[in-house]
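Accompanying notes for the structure given below.
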Amino acid sequence: MRKRNIHNANLTLHHSGPWEGYDVQLQHGPLFIPYLERIHETMMRAINSQGRTMAVRLDLSLPVDGYFRSGDLIGRFIQSLRAQIDADMARRKREGRTAPRCRLEYVSAREQAGSYRHHFHMGLFLNGDCYRGLGEMPTGGGGGSFDPDVLMDSNATMADSLAKRIVMAWARALGRSMEQTAGLVHFSDGGVYWIKRGSPLSDSQCAGLFNRLSYLAKESTKQFGHGGRNLRYSRP
């Protein structure tokens with residue numbers, strides 16, 4: 001049984017049983033221990049920094065036609081989503097509504113299976129006093145005509161729910177319209193978690209969320225030697 005990844009000896013492997021007391025997803029093979037550590041640290045920092053935490057598990061795909069902006073896609077996605085959240089909180093304040101600070105934390109794993117284009121698995125952590133659900137879902141199929149020389153106006157559709165803001169952020173990262181991008185964002189079934197810090201259920205809620213996020217740490221489908229990082233996460 002291998003203790004380390006053959007491409008990166010710094011990546012030690014967890015093969016069986018719970019990790020640090022947490023049940024983890026091992027059905028796809030071993031998990032990278034350093035990834036589990038970073039995911040757990042990010043999750044607990046988000047939970048400990050606010051009274052209520054809303055966590056969202058989602059996947060981001062690339063368009064099959066191959067037309068999208070090159071560069072740091074995840075960096076642009078997070079930058080756009082943070083800007084939209086800040087603008088939403090500022091609007092609430094102008095309207096005289098409660099608008100607590102909403103720091104966005106995240107973990108993101110890049111994967112590629114076989115010859116398929118790589119994709120991203122993500123966990124987002126938001127202030128549960130700011131957002132209480134994903135809200136209305138955007139429409140669109142992720143396709144449509146696309147001229148790489150004439151980018152669609154990504155502001156053409158109003159992002160008036162958290163789900164739409166997430167899709168808008170991915171649209172801006174790709175340089176496509178929100179309608180073309182809607183089918184490229186997949187919100188996992190049962191992928192919204194609520195955790196109230198200090199509640200009698202918080203430990204079991206954290207365990208359930210971490211089990212879901214441990215999938216991001218799996219060794220299989222991670223690619224090495226192609227540049228970029230397989231795991232990214234927000235910093236303190």
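The values are calculated or read from the model by the stated rules, or taken from the named source; none is laboratory data. Only a predicted model underlies this, so the values are computations on that prediction, with no experimental measurement involved. A quick note on method: Cβ atoms are made from the backbone with ideal geometry, for glycine too, and the neighbour counts reach across all protein chains shown. Only protein heavy atoms, including side chains, enter the accessible area calculation; ligands, DNA and RNA are left aside. Shrake-Rupley method; radii C 1.70, N 1.55, O 1.52, S 1.80 Å.
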Original post:
Going through region 159-189 one residue at a time, which ones are over 23 Å from Cys102 (Cβ atoms) and either touching an Asp or Glu at 6+ places or on another chain (Cβ under 8 Å) or outside any helix (DSSP H, G or I) (or both)?
Top reply: Gly175, Arg176, Ser177, His186, Asp189
Subject >> Filter result for Ser214 (modelled with pLDDT of 95 or more and open to solvent by less than 60 Å² (accessible area, probe 1.4 Å)) >> reply: yes
Subject >> Test result for Ala163, crowded, with 19+ Cβ neighbours inside 10 Å, aliphatic (A, V, I, L, M), modelled with pLDDT of 90 or more and at negative phi >> reply: yes
**OP:** Only residues in region 132-147 that are closer than 19 Å to Asp65 by Cβ and at pLDDT below 85 count as the first member; pair them with residues that are open to solvent by 40 Å² or more (accessible area, probe 1.4 Å) and aliphatic (A, V, I, L, M), Cβ under 9 angstrom, at least 6 apart or cross-chain, and list the lot.
**Re:** Gly142/Val64; Gly143/Val64; Gly144/Met152; Phe146/Met152
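Suppose we keep only residues that are among the β-branched types (Val, Ile, Thr) and within 14 Å of Ser214 (Cα to Cα) within region 20-53. Which one would you say is surrounded by the fewest Cβ atoms within 10 Å (Cβ to Cβ)?
The extreme case among them is Ile33.
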**OP:** Test Val56 against the stated conditions and say whether it is among the hydrophobic types (A, V, I, L, M, F, W, C), part of a loop (DSSP other than H, G, I, E, B) and open to solvent by less than 40 Å² (accessible area, probe 1.4 Å).
**Re:** no
Original post:
Which pairs have Cβ atoms under 7 Å, sit 6 or more apart or on different chains, and link a residue in region 196-215 that is under 15 Å from Trp19 (Cα atoms) to one that is hydrophobic (A, V, I, L, M, F, W, C) and part of a strand (DSSP E or B)?
Top reply: Cys206/Ile195; Leu209/Ala55; Leu209/Ile195; Leu213/Val107; Ser214/Leu31
Subject >> Lone qualifier among Arg69, Arg76 - being open to solvent by 70 Å² or more (accessible area, probe 1.4 Å), touching a helix residue (DSSP H, G or I) at 6+ places or on another chain (Cβ under 7 Å), farther than 28 Å from Gly208 by Cβ and touching a residue at least 60 places away in the same chain (Cβ under 8 Å) >> reply: Arg69
